[in-house]
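Student: Input: one structure, supplied below.
The values are calculated or read from the model by the stated rules, or taken from the named source; none is laboratory data. Here the structure is a predicted model, which means the values were calculated and not measured. Note that we place each Cβ from the backbone using ideal geometry, even for glycine, and neighbour counts take in every protein chain shown. Accessible surface is based on the protein model in full, side chains and every heavy atom, while ligands, DNA and RNA are left aside. Shrake-Rupley method; radii C 1.70, N 1.55, O 1.52, S 1.80 Å.
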Amino acid sequence: MARRSRKKRLPETPVAATIESLSHDGRGIARLDGKTTFIDNALPGEQVLFQYSYMRRKFDEGRAVEILAPSPERIEPPCAHALICGGCSLQHLAPASQIARKQAVLAEQLEHFGGLTPDSWLEPLTGPVTGYRGKARLGVKYVEARGEALVGFREKRNSFIADLRRCEVLIPEVGHRLDDLRALVSDLALRARIPQIEVARGDDAVALVIRHMDPLPAGDLEKLLAFCRLADFQLYLQPGNESTVHRVWPEQGEERLYYRHAPQGADTEGAELAFHPTDFTQVNADINRRMVPLALDLLEVEEHHQVLDLFCGLGNFTIPAARRAARVVGVEGSQAMVERGYENARRNGLDNLAFHAWDLSQAPDGQPWAREAYHRVLLDPPRSGALEMVRLMPHFGAGRLVYVSCNPATLARDAGELVERGYRLKAAGVMDMFPHTAHVESIAVFDRR
């Protein structure tokens, strides 16, 4: 019979440590007896007392419970739940220091994976650091022993729903009403079968999408309707997979939210995009409104240009670009997003663009859009990057590329590929799409040599 492995017992007494650096996920790094320890709520240069949470063969984990010598960059977190909630990892670090850290991560990744330094660094794109998050999926768990529901993000380092009363990074309409949402779910007959509430905000409205695992009793529906009417929320229900999402309040009108690009002159004046609450959109509307014109300015689109927008989504860059260029082609992996793109083109009275559905991790053999030449290319890929597409850039012949990235490691990898194919990294910089988190959003400009 195999011997059962025994979990190592954790020390009960807090342990002193000096923090040497910060990990890419926002934890302090200390070394005790030659072993690396990752410590939440700790900053470089600090001396802390920490409590072990896990001990592993190659590294340990813990959380600082007392700061003996604080860093000058430490601040009081804006949220009372910052230590436990996994939605944020850097609320104890001053916002300016967060930006500096993200710039350092981007520079380190470009050097490490691509051996690159841009010709120049762009000024960071920053905005509000609280109340910014307009898209979120909140976990829901009814705790029978407590007789109440939990609503919010997961705890740090585990799958439990954090016991949140308020969230300072969510839009205030929702983040400041978590107690109300908890009371609402707790009062439902189906309270134990509701695992998730999705939040989406447009310029015109806030929508809640309620996931329910069993048919919703009529009494529960009335309670949900009453709550959403009072709060002026749109109410959607999701009884199954994403295709089952449907709106029940208001009863009239199309199932869409909207956002508008800030006026930047004739090219973006009046540009309005419609989206379904479950569509992918940027979580930070303020940064997005500044990111789009920045990207198009960096792309230097002119009236005679043909522009290719890869990973175009519902047309976030495509629609404004079509106001500057002769023609824009958007490519996205989802047919539903292609249809949304055409919908937004019609909404904005544009006919100088085309949308195509294609898995951009695959070579576009035989695709009509891939046989064309372009003056400019914009890429906004997922975390996995755009390796297959960057290898095709010489074929497209574009003189300038702008790459919007949510992962500096894959941006660096792809930048190295572009340099090998005759491009140079002209400029790069960070955009603070997710304040108080370790997430690094960035933008890079490449010119053909």
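Student: Kindly write out, for the stretch 306-323 in residue order, the coupling ³J(HN,Hα) from the Karplus curve 6.51 cos²θ - 1.76 cosθ + 1.60 (θ = phi - 60°), rounded to whole Hz, with x marking Gly and Pro.
Tutor: Coupling constants for the stretch 306-323: 9, 10, 10, 10, 8, 6, 7, x, 8, x, 4, 9, 4, 5, x, 5, 5, 7 Hz.
Student: I need the calculated FRET efficiency for the pair Ala104 and Thr36, taking r as the beta carbon distance and R₀ as 22 Å, to the nearest 0.05. Write down the numbers at each step before the final one.
Tutor: Details: r = 20 Å, r/R0 = 0.89.
Efficiency, from the Cβ-Cβ distance: 0.65.
Student: In whole percent, what relative contact order does the stretch 180-248 give with Cα contacts below 8 Å and a gap of six or more residues?
Tutor: It rounds to 28 percent for the stretch 180-248.
Student: For the stretch 322-449, which whole percent of the accessible surface, found with a 1.4 angstrom probe, sits on carbon and sulfur atoms?
Tutor: 47 percent
Student: Of the labelled options (i) -0.24, -0.80, -0.94, -1.09; (ii) -0.30, -0.84, -0.95, -1.07; (iii) -0.30, -0.99, -1.13, -1.25, which one gives log10 I(q)/I(0) by the Debye sum over Cα atoms at q = 0.06, 0.11, 0.12, 0.13 Å⁻¹ as computed for this structure?
Tutor: Answer label, from the structure shown: (iii).
Student: When ligands, DNA and RNA are left out and all protein chains stay put, how many square angstrom of accessible area per residue does the stretch 234-347 have with a 1.4 Å probe?
Tutor: Dividing the accessible area of the stretch 234-347 by its residue count gives 39 Å².
Student: According to the square roots a ≥ b ≥ c of the eigenvalues of the Cα gyration tensor, what is the shape class of the stretch 282-425, taking rounded for a/c under 1.5, prolate for a/b larger than b/c otherwise, and oblate for the remainder? Mind dumping the intermediate values first?
Tutor: Details: a/c = 1.34, a/b = 1.25, b/c = 1.07.
Because its axes are fairly even, with a/c under 1.5, the stretch 282-425 counts as rounded.
Student: OK, next. Explain nothing, just compute: Karplus ³J(HN,Hα) = 6.51 cos²θ - 1.76 cosθ + 1.60, θ = phi - 60°, for every residue of the stretch 208-225 in order, whole Hz, x for Gly and Pro.
Tutor: Those phi angles translate into 10, 10, 9, 7, 10, 7, 10, x, 7, x, 4, x, 5, 4, 5, 5, 5, 4 Hz.
Student: For the stretch 255-262, just list the computed ³J(HN,Hα) in residue order, Karplus coefficients 6.51, -1.76 and 1.60, θ = phi - 60°, integers in Hz, with x standing in for Gly and Pro.
Tutor: Those phi angles translate into 7, 9, 10, 9, 9, 10, 6, 4 Hz.
Student: Taking only protein heavy atoms into account and a 1.4 Å probe, give the accessible area per residue of the stretch 74-142 in Å².
Tutor: Details: 3160 Å² over 69 residues.
I get 46 Å² per residue for the stretch 74-142.
Student: Also, quick follow-up: Label Ala145 and Gln335 with points 7 Å out from Cα along Cα→Cβ: what is the distance between them in nm?
Tutor: My value for the distance between the label points is 4.9 nm.
Student: In addition: List the chymotrypsin sites (Phe, Trp or Tyr not before Pro) within the stretch 341-432 that DSSP assigns to loop and that have no more than 11 neighbouring Cβ atoms inside 10 Å.
Tutor: In loop regions of the stretch 341-432 (DSSP not H, G, I, E or B), there are no sparsely surrounded chymotrypsin sites (Phe, Trp or Tyr not before Pro).
Student: Continuing with the same structure: Which percent of Cα pairs goes in each bin when the distances of the stretch 39-178 are cut into 10 angstrom slices starting at zero?
Tutor: Cα pair-distance distribution for the stretch 39-178, in percent: 10, 30, 33, 22, 4, 1.
Student: Note down the magnitude of the dipole of the stretch 193-315 about its Cα centre, charges +1 on Lys and Arg C-beta and -1 on Asp and Glu C-beta and zero elsewhere, to the nearest 20 debye.
Tutor: With only Lys, Arg, Asp and Glu charged at Cβ, the dipole is about 680 debye.
Student: In square nanometres and to one decimal, what's the mean projected area of the convex hull around the Cα atoms of the stretch 227-366?
Tutor: So the mean shadow area of the Cα hull is 10.4 nm².
Student: Moving on. Along the Cα→Cβ direction, 7 angstrom out, place labels at Ser21 and Arg346. What is the inter-label distance in nm?
Tutor: Simple spin-label model gives 5.4 nm for this pair.
Student: Size of the dipole of the chain about the Cα centre, Lys and Arg at +1 and Asp and Glu at -1 on the beta carbon, nothing else charged, in debye to 20?
Tutor: With only Lys, Arg, Asp and Glu charged at Cβ, the dipole is about 1700 debye.
Student: Another one. So who's got an amide H within less than 5 Å of the one on Lys426, skipping anything under 5 residues away but keeping other chains? H placed 1.01 Å off N, in plane.
Tutor: Result for Lys426 returns Asp119, Val445, Phe446, Asp447.
Student: Quick one: net charge of Ser384's neighbours, Cβ under 12 Å, K/R +1, D/E -1?
Tutor: Taking every Cβ under 12 Å from that of Ser384, the sum is -1.
Student: Using heavy-atom solvent-accessible surface (probe 1.4 Å) with all chains present, what is the largest-first order of His81, His24?
Tutor: His24, His81
Student: Residue separation times 0.36 nm, minus the C-alpha to C-alpha distance between Ala192 and Val129: what's the value?
Tutor: Length gained, Ala192 through Val129: 19.3 nm.
Student: Further question: Enter the accessible area of Thr130 (Å², nearest 10), with the probe set to 1.4 Å and all protein chains included.
Tutor: Using a 1.4 Å probe on the heavy atoms, I get roughly 60 Å².
Student: Which value at 222 nm does the chain reach when only helices count, each DSSP H run of 4 or more adding -39,500 (n - 2.57), with the total divided by all residues and rounded to the nearest 500 deg cm²/dmol?
Tutor: Here the helix-only value at 222 nm equals -6500 deg cm²/dmol.
Student: Ok, one more. For the chain, what number of Lys pairs, 8 or more residues apart or on separate chains, have alpha-carbon atoms under 18 Å from each other?
Tutor: On the way: Lys7/Lys58; Lys8/Lys35; Lys8/Lys58; Lys35/Lys58; Lys141/Lys156.
Lysine pairs satisfying the spacing and distance rule in the chain number 5.
Student: If you stretched the chain out fully between Tyr258 and Phe160, how much longer would it get, using 0.36 nm times the residue separation minus the C-alpha to C-alpha distance?
Tutor: Fully extending the segment from Tyr258 to Phe160 adds 32.0 nm.
Student: At 1.4 Å probe size, put Glu155, Glu173, Glu76 in order of accessible surface, largest to smallest.
Tutor: Sorted by accessible area, descending: Glu76, Glu173, Glu155.
Student: Can you compute the modelled spin-label distance between Glu302 and Asp359, with each label point 7 Å from Cα toward Cβ, in nm?
Tutor: Simple spin-label model gives 3.9 nm for this pair.
Student: For the stretch 10-65, what percent of Cα pairs sit more than 16 Å apart?
Tutor: Cα-Cα pairs of the stretch 10-65 separated by over 16 Å account for 29 percent.
Student: Then there is this: Which residue, Ala200, Gly114, Leu418, has the largest displacement toward the positive end of the dipole of the chain when charges sit on each Cβ (Lys, Arg +1; Asp, Glu -1)?
Tutor: Going by the charge dipole, the pick is Gly114.
Student: Where the accessible area of the stretch 185-307 is counted over protein heavy atoms with a 1.4 Å probe, how much of it, in %, is carbon and sulfur?
Tutor: Carbon and sulfur: 50 percent of the exposed surface of the stretch 185-307.
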